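Trainee: Could you have a look at this structure, given as structure tokens, before my questions?
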Amino acid sequence: MGLFFSDNQLCVDPRMAALVGSFAANETLWKEKFAAAMVRMGRIQLQTGTCGEVRLNCSVVSPTSSSPSSIELASSTPAVDEDAIATS
């Protein structure tokens, strides 16, 4: 079995590896940070009408027309930002 690209980045990126190590060493810290993040996510306001956008690929802005002929499906290659962190 392999790892997801994003999970692998948690181990190989030195910035993330230190954080992963601290969470692995302190389960209480992990639970506190996770709970706080979930509370923050719960406060995100729903975007409706013209204030939001439904994307077929989270890393690509949707075309203005949603007709099937103008929609480009996501590629099988994961999008990666300049820090080599998966963005999709």
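The values are calculated or read from the model by the stated rules, or taken from the named source; none is laboratory data. All values derive from a computational prediction rather than experimental measurement. Cβ atoms come from the backbone with ideal geometry, glycine included; neighbour counts cover every protein chain shown.
Trainee: With the requirement that a residue be at pLDDT below 90 and either touching a Gly at 6+ places or on another chain (Cβ under 7 Å) or part of a loop (DSSP other than H, G, I, E, B) (or both), what does segment 34-55 give you?
Mentor: 44, 45, 46, 47, 48, 52, 53, 54, 55, listed by residue number.
Results for (1) modelled with pLDDT of 85 or more; (2) out of contact with any helix residue (DSSP H, G or I) (no Cβ under 6 Å at 6 or more places or on another chain); (3) not aliphatic (A, V, I, L, M), shown as yes or no for each residue.
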residue	(1), (2), (3)
4	yes, yes, yes
15	yes, yes, yes
19	yes, yes, no
24	yes, yes, no
32	yes, yes, yes
57	no, yes, yes
70	no, yes, yes
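Trainee: Give the residues of segment 1-17 that are exposed (fewer than 10 other Cβ atoms within 10 Å of the Cβ) and among the small types (Gly, Ala, Ser), sorted by residue number.
Mentor: 2
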